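Note sheet for the following structure.
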Amino acid sequence: MQQNSAKWVIANWKMNPAKPTIALELLQKVGEYCKNQQPSANVVVAPTFLHLSVIQQYLQHNQLDIGISAQNLCAENAEFGAFTGEISAQMLSEIGVQYVIIGHSERRQYYQETEQVLMKKIANALAQNLTIIYCIGETFEQYQNKQTLDILQNQLAILADFQSQFANQNSQLLIAYEPVWAIGTGLTPTVAEITDIHQFIDKTLLAMQLKAPILYGGSVNAKNANEIAQIPLVDGALVGGASLIAESFCQIIDAFSKK
Ligand code: PGA
């Protein structure tokens, strides 16, 4: 998979579901859909750390064309060491994980992940050849104060330090624009807003000599996916809540597989 022009649909399962058997059932349904429909979109699932192995084994055993992502990784060391409770980039890569989400607003907000921490995580992911799904987005207050573009520019700025690495390791970066106020709320920006913001992100990346697919995330569901998928420069979706229901997630994959 992963042809460059194909769009992306990434399931961020967050801390769900509680039982590995339920995660496998969900994957089984999505896997069946992918086998039968052969969607053009690149499909990736991001389970919890604890479920990564079982999900990876299932994907391999059933030869499913679905990528696997972690939701986090250790900032302090890329390999191993005395970091209680952490999981390294190497550990992820050793079990076949190919992607990692970095900078999700829930981690910025609840775990005080600063830009310094995020930069260490990016460096560690790159050291182990993991593709980074880098999340950016403004809070509702920032949106209301019309600070969105400034916030996004600052969040993107840390990528400049890795420009040469990204340039060498073609396609190791995906951007997910996720307005914090749209995550899990059922609210989304207008089509015009998403269009403008994706254009702005593309330009900002170009100014750093970077090029990456730009995904939209925040309350993407089976109902709005068709409309969002048609927006220029929306190269895919990062999906939370709706990715936990196989039928909804498959409809979203379908929307992003249409020409
Ligand atoms: P949501 O979450 O689809 O439930 O809004 C998206 C995300 O946090 O990645």
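Anything in the stretch 159-179 that is within 16 Å of the ligand (Cβ to nearest atom), touching a Ser or Thr at 6+ places or on another chain (Cβ under 9 Å) and outside any loop (DSSP other than H, G, I, E, B)? List them, or say none.
Selection gives 174 alone.
Inspect the stretch 84-91 for any residue being crowded, with 20+ Cβ neighbours inside 10 Å and modelled with pLDDT of 95 or more and give the result as yes or no.
Within the stretch 84-91 (the criterion being crowded, with 20+ Cβ neighbours inside 10 Å and modelled with pLDDT of 95 or more), the answer is yes, since at least one residue qualifies.
Before we move on, is residue 121 under 20 Å from residue 12 (Cα atoms), more than 16 Å from the ligand (Cβ to nearest atom) and charged (D, E, K, R)?
yes
Please indicate, with yes or no, whether at least one residue in the stretch 107-117 is under 28 Å from residue 253 (Cα atoms), within 16 Å of the ligand (Cβ to nearest atom), at pLDDT 95 or above and surrounded by fewer than 20 Cβ atoms within 10 Å (Cβ to Cβ).
yes
Quick check, is residue 43 crowded, with 21+ Cβ neighbours inside 10 Å and assigned to a loop (DSSP other than H, G, I, E, B)?
For residue 43, the condition - crowded, with 21+ Cβ neighbours inside 10 Å and assigned to a loop (DSSP other than H, G, I, E, B) - is not met.
Taking residue 105 as the residue in question, decide whether it is of a type in the set (S, T, N, Q), touching a Cys at 6+ places or on another chain (Cβ under 7 Å) and over 27 Å from residue 229 (Cβ atoms).
No: the conditions fail for residue 105.
What are the residues in the stretch 80-104 that are touching a residue at least 24 places away in the same chain (Cβ under 8 Å) and either farther than 25 Å from residue 66 by Cβ or assigned to a loop (DSSP other than H, G, I, E, B) (or both), if any?
Once the filter is applied, which keeps residues that are touching a residue at least 24 places away in the same chain (Cβ under 8 Å) and either farther than 25 Å from residue 66 by Cβ or assigned to a loop (DSSP other than H, G, I, E, B) (or both), the stretch 80-104 yields 87, 88, 95, 96, 97, 98, 103, 104.
Looking at the stretch 180-219 only, could you name the residues that are in a helix (DSSP H, G or I) and within 15 Å of the ligand (Cβ to nearest atom)?
Within the stretch 180-219, 180, 181, 182, 194 qualify.
Going by the structure shown, is residue 222 hydrophobic (A, V, I, L, M, F, W, C), within 15 Å of the ligand (Cβ to nearest atom) and crowded, with 18+ Cβ neighbours inside 10 Å?
Here the answer is no, as residue 222 does not meet what is asked.
Of all residues in the stretch 125-151 being away from the ligand (no atom under 16 Å from the Cβ) and of a type in the set (A, V, I, L, M), which is farthest from residue 194 (Cα to Cα)?
127
Determine whether the stretch 50-58 contains at least one residue that is part of a loop (DSSP other than H, G, I, E, B) and over 17 Å from the mean Cα position of the chain (by Cα).
Among the residues of the stretch 50-58, not one is part of a loop (DSSP other than H, G, I, E, B) and over 17 Å from the mean Cα position of the chain (by Cα), which makes the answer no.
Has the stretch 28-37 got at least one residue that is aliphatic (A, V, I, L, M) and under 17 Å from the mean Cα position of the chain (by Cα)?
no
Which condition from (1) surrounded by 17 or more Cβ atoms within 10 Å (Cβ to Cβ); (2) within 16 Å of the ligand (Cβ to nearest atom); (3) outside any strand (DSSP E or B); (4) not charged (D, E, K, R) is the one that residue 156 breaks?
(2)
Would you mind telling me which numbered condition in (1) crowded, with 23+ Cβ neighbours inside 10 Å; (2) more than 16 Å from the ligand (Cβ to nearest atom) residue 69 fails?
Failing condition for residue 69: (2).
Among the residues of the stretch 225-245, how many are assigned to a loop (DSSP other than H, G, I, E, B) and within 10 Å of the ligand (Cβ to nearest atom)?
1
Counting only residues that are in a loop (DSSP other than H, G, I, E, B) and either under 18 Å from the mean Cα position of the chain (by Cα) or among the aromatic types (Phe, Trp, Tyr) (or both), how many does the stretch 246-259 have?
Selection size over the stretch 246-259: 2.
From the residues in the stretch 66-112 that are hydroxyl-bearing (Ser, Thr, Tyr) and out of contact with any strand residue (DSSP E or B) (no Cβ under 8 Å at 6 or more places or on another chain), which one is farthest from residue 238 (Cα to Cα)?
84
The values are calculated or read from the model by the stated rules, or taken from the named source; none is laboratory data. Because the structure is predicted, anything quoted here is derived from the model rather than measured. Neighbour counts are summed over all protein chains in view; Cβ atoms, including those assigned to glycine, are modelled from backbone coordinates with ideal geometry.
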